[in-house]
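Peer 1: Below you will find the structure I want to go over with you.
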Amino acid sequence: MEKRFAKILATGIYLPEKVITNEELSKQMGFDVSQYLSGVTLRHVSAPDESASDMAVKAAMDALNKVGMKPEELDLVIMTTDTPDYVTPPTSPTIASKLGATNAGAFDLNAACADAVIGMSIACQHIMMDPTINNVLVVAPYAMTKWIDWDNKVLAPMLGDGASAAIITKSDEAGYLSSSIVSDGQYWDSYGIYVGTKYPITKEMVEKKEHLLRFHPNFHKYPADVNFGNWPKVIEKSVKKAGYEVKDLDMVILTQVRLADIQETMKRLGLPLEKTHWIMHKYGYTGSACAFMALDDALKEGKIKNGDLVAFCTSGVGYVMSSSVFKWV
């Protein structure tokens, strides 16, 4: 059997036109929203008629256009988000259809804000194991403002909308090296969108805004160090799998939820801040979409070059954390 490798070929992003700054939101809410944020200065808000799939298509086309690839050349579309167009049917076939990816299979993946890196790892593994799959689109839209209760003074300021995409392709040399996933389901009752088979939607629930993003009634608080206390461990696990040491890393891309968490993670890894990149001051926190957005921005700024060892680490409520390691080729 042919030895197959996979790499990241291109990235793309899309941001909705409407922007709400911290100053504007503070006036609207009657208090300084920045007190709950670290690094986030604004958020993009999708239009009323703009869905997750609409944003996903625009990010995907940005990535495709950068490398002159046609949608028909895609063999698989993986959509990664916890804000799909619908609970069911899946959103990925809609994205493929809107794109014109007529030869692609498609499926959805939801691991909250950890899902893009998981989807990217799965894409690489498909290419490496299946000779019929050479080009995979991993697209990560985030439309959480559709689920925001703007009266929630803690959760509402944190989140914004947008979409990002990565094209994963067959490579002559190893790009993708390793990945890891960890989870701790005891934190399911922290915060989320609690509608579904456990909590069917009722008229009373909607009237109380309980169908929107909220803290669970039996709120299970995350440890203060849930991110910076665990991200280094997950990264170290994947780096070791890849046959390297943390000191070998040239770039680390992390979930863009809090700048303070990124800074502390790099400190614990023993790496300088120059070896990471953050974008929450430019784009806000965009959940599932944020990792590819940070990668896209780092590439634009020339922070990643051929031969660099790049680690990703993302986390989401529930909780789930994932990391992956690539040699940039």
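We did not get these values from a lab; they are worked out from the coordinates using the rules stated. As the structure is a prediction and not an experimental result, all values here were calculated from the model. Cβ sites come from the backbone with ideal geometry, for glycine too, and all protein chains shown count toward neighbours.
Peer 1: Take each of the peptides 313-320, 98-105, average the number of other beta-carbon atoms within 10 Å over its residues, and list them starting from the highest.
Peer 2: In descending order of packing, they fall as 313-320, 98-105.
Peer 1: How fast does the stretch 260-329 diffuse by Stokes-Einstein, in µm²/s, taking the Kirkwood radius from C-alpha pairs at 25 °C and 0.890 mPa s?
Peer 2: Result for D is 187 µm²/s.
Peer 1: Quick one: Debye curve from the alpha-carbon atoms of the stretch 183-299 only, equal weights, vacuum; give me log10 I(q)/I(0) at q = 0.11, 0.14, 0.16, 0.17 Å⁻¹ to two decimals.
Peer 2: With no solvent term, the Cα-only Debye profile gives -0.50, -0.74, -0.88, -0.95.
Peer 1: If packing is taken as the mean number of other Cβ atoms within 10 Å per residue, what is the order of 266-272, 321-327, highest first?
Peer 2: 321-327, 266-272
Peer 1: In a GNM of the chain with a 10 Å cut-off on Cα contacts, which of Ile127, Ile193, Ile95 has the highest mean-square fluctuation?
Peer 2: Sorting by GNM fluctuation, first place goes to Ile193.
Peer 1: To continue, here is another question. Taking 19 Å as the cut-off for C-alpha to C-alpha distance, list the pairs among Lys146/Lys221; Lys170/Lys303; Lys3/Lys70; Lys66/Lys305 that go past it.
Peer 2: Distance filter (> 19 Å) returns Lys146/Lys221; Lys170/Lys303; Lys3/Lys70.
Peer 1: Using DSSP to call loops (not H, G, I, E or B), can you name the GluC sites (Glu not before Pro) in the stretch 223-294 whose Cβ has at most 12 other Cβ atoms within 10 angstrom? Working shown, then result.
Peer 2: Details: sites: Glu236, Glu245, Glu264, Glu274; in loops: Glu245.
Here the sparse-neighbourhood loop sites are Glu245.
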